[in-house]
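The values are calculated or read from the model by the stated rules, or taken from the named source; none is laboratory data. Being a predicted model, the structure only gives us computed values, none of them experimental. Ideal geometry is used to build each Cβ from the backbone, glycine not excepted, and the neighbour counts take in all protein chains shown. Accessible surface areas use protein heavy atoms only, side chains included; no ligands, DNA or RNA. Shrake-Rupley method; radii C 1.70, N 1.55, O 1.52, S 1.80 Å.
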Amino acid sequence: MYITELKSRTYSTSCVPTFCVRNSLKFYQQPQRQQHIKQDAGEKELNASRKNDYENYLCTLLLGKGQRRHAFALRALNVELAKCGAMISDQQQLIKMRLQFWSDSIDKCYDYQKSYVADQPVLSELKHTLGSNKLNKVYLKRLVTARDRAPNQPFETVKDMENYSEQTYSSLLYLLVELCGVKDLHVDHAASHLGKAQGVVTLLRAVPYTKRGQTLNVPQELLIKNGVSEERFLRHKFDDKGVADCVFQIAAVAHQHLEKARSLADKIPKLIRKVFLPSVNVERYLERLRAANFNITHNSCLQRDSMLPLALYMHNLRGKY
């Protein structure tokens, strides 16, 4: 779930004919190298998603064959952008540079007249996805602009946290819906609520891993309401009622959005319900959190859910989310 750097890859030139003269060598090497890039880009994205975004990786595996590769391309882009948000406050300039790179790269992937970084596996797959599907550029740009905030800038209100989740997780769901070729108001409404639920839960789950210089993902209004300081929150005392109350109130917001998304299930075409399988991840985490009395540092809330693959499979088999 948390972000690590993708490893670079070298490309073999062993199959270049030995009888080629020096001037012809480049002619053979370049197409071969490009072929390796195309073949390896999808594999790199798959591995990156499995390592850094395991729960959504499982959900994406259950999508139809026609959407799976493109969905992994979009999720890989989201992983790369999430790396920027995970940086500490003294890296603000580097954050802006990286976000600008991704913003410019998205523009170039839409414009066939402009070149893009073909060696970058995420961009290579994104270029392929945009060439095969009509995706709204606005949603892709939102994934970038939402991360363009100061690392030490906290959420002032719960509404700010919901808006951030809408810009990131809901936008990604909108794109996944577009991959399926569905345009429906009820689907978009459900995607909006599920994205908010997933975003709020993800921000909450990141709290135990907050480092010095990083912002605590707890709205300031809840800290003030419950008389809890950031330092006290980060101590992770299991018997601190004020901290538990803050966690409960955030979890309640996520649960409300989850229930609203599920209340629209009857109006969601069966074709599209696979896209909403992340709701299972959200529900199971909230249940573990409730059982732990809203102690976010409890082992059950930090460890990987070993029963999640089965739960996702059963929901998918029943056509539910």
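Would you pick out the residues in region 175-220 that are part of a helix (DSSP H, G or I) and more than 29 Å from ALA265 (Cβ to Cβ)? So that I can check it myself, show each step before the final result.
First, the residues of region 175-220 that are part of a helix (DSSP H, G or I): 175-179, 185-205, 207-209, 220.
Once the filter is applied, which keeps residues that are part of a helix (DSSP H, G or I) and more than 29 Å from ALA265 (Cβ to Cβ), region 175-220 yields VAL207, PRO208, TYR209, GLN220.
For region 150-172, what are the residues that are outside any helix (DSSP H, G or I) and either touching a Lys or Arg at 6+ places or on another chain (Cβ under 8 Å) or of a type outside the set (Val, Ile, Thr) (or both)?
Narrowing region 150-172 to residues outside any helix (DSSP H, G or I): 150-157.
Result: ALA150, PRO151, ASN152, GLN153, PRO154, PHE155, GLU156.
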- [ ] Mind listing whichever residues of region 119-138 are open to solvent by 30 Å² or more (accessible area, probe 1.4 Å) and in contact (Cβ under 8 Å) with a residue 40 or more places away in the chain?
- [x] ASP119, HIS128, SER132, ASN133, LYS134, ASN136
- [ ] For residues that are among the β-branched types (Val, Ile, Thr) and within 25 Å of the chain's Cα centre (by Cα), scanning just region 215-253, find the one that is farthest from VAL158 (Cα to Cα).
- [x] THR215
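So if I check each of ALA252, ALA265, which one is without any contact (Cβ under 8 Å) to a residue 12 or more places away in the chain, surrounded by fewer than 19 Cβ atoms within 10 Å (Cβ to Cβ) and of a type in the set (A, V, I, L, M)? Give the steps one after another, and end with the answer.
Working: ALA265 fails: without any contact (Cβ under 8 Å) to a residue 12 or more places away in the chain.
None of the others qualify; the one that does is ALA252.
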Task: Condition check for LYS114: among the charged types (D, E, K, R), modelled with pLDDT under 90 and assigned to a helix (DSSP H, G or I) - done: no
Task: Residue check, VAL201 modelled with pLDDT of 95 or more and in contact with a Leu (Cβ under 9 Å, 6 or more places away or on another chain) - done: yes
TODO: Of the conditions (1) among the hydroxyl-bearing types (Ser, Thr, Tyr); (2) in contact with a Lys or Arg (Cβ under 8 Å, 6 or more places away or on another chain); (3) over 26 Å from LEU175 (Cβ atoms), SER306 clears all except one; give me its number.
DONE: (2)
TODO: Within region 96-116, identify whether any single residue is under 30 Å from LEU222 (Cβ atoms) and open to solvent by 10 Å² or more (accessible area, probe 1.4 Å), and answer yes or no.
DONE: yes
Open item on the list: Checking LEU94 against (1) of a type in the set (A, V, I, L, M); (2) under 30 Å from TYR285 (Cα atoms); (3) modelled with pLDDT under 90, only one condition comes out false. Which one?
Closed with: (2)
- [ ] Can you give me the ranges of the helices (runs of 4 or more DSSP H) entirely in region 255-321 with at least 2 residues that are over 26 Å from ASP239 (Cβ atoms)?
- [x] 278-291, 308-318
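Before we move on, is VAL243 open to solvent by less than 40 Å² (accessible area, probe 1.4 Å) and either touching a Leu at 6+ places or on another chain (Cβ under 6 Å) or assigned to a loop (DSSP other than H, G, I, E, B) (or both)?
On the way: open to solvent by less than 40 Å² (accessible area, probe 1.4 Å): yes; either touching a Leu at 6+ places or on another chain (Cβ under 6 Å) or assigned to a loop (DSSP other than H, G, I, E, B) (or both): no.
For VAL243, the condition - open to solvent by less than 40 Å² (accessible area, probe 1.4 Å) and either touching a Leu at 6+ places or on another chain (Cβ under 6 Å) or assigned to a loop (DSSP other than H, G, I, E, B) (or both) - is not met.
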Open item on the list: Among the residues that make up region 269-280, is at least one of them at pLDDT 95 or above and either surrounded by fewer than 18 Cβ atoms within 10 Å (Cβ to Cβ) or over 22 Å from the mean Cα position of the chain (by Cα) (or both)?
Closed with: no
Task: From the options LEU58, LEU6, residue that is modelled with pLDDT of 75 or more, among the aliphatic types (A, V, I, L, M) and open to solvent by 20 Å² or more (accessible area, probe 1.4 Å) - done: LEU58
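Taking VAL228 as the residue in question, decide whether it is free of Cβ contacts under 8 Å to residues at least 40 places away in the same chain, buried (at least 18 other Cβ atoms within 10 Å of the Cβ) and part of a loop (DSSP other than H, G, I, E, B). Talk me through it step by step, then tell me what you get.
Details: free of Cβ contacts under 8 Å to residues at least 40 places away in the same chain: yes; buried (at least 18 other Cβ atoms within 10 Å of the Cβ): yes; part of a loop (DSSP other than H, G, I, E, B): yes.
Yes.
Hey, among the residues in region 291-308 that are under 18 Å from VAL218 (Cβ atoms) and not aliphatic (A, V, I, L, M), which one's most open to solvent (accessible area, probe 1.4 Å)?
Filtering region 291-308 for residues under 18 Å from VAL218 (Cβ atoms) gives 292-298, 301-302.
Add one more test, that the residue is not aliphatic (A, V, I, L, M), and what stays is 293-295, 297-298, 301.
On the way: ASN293: 118, PHE294: 47, ASN295: 26, THR297: 36, HIS298: 81, CYS301: 8 Å².
The qualifying residue most open to solvent (accessible area, probe 1.4 Å) is ASN293.
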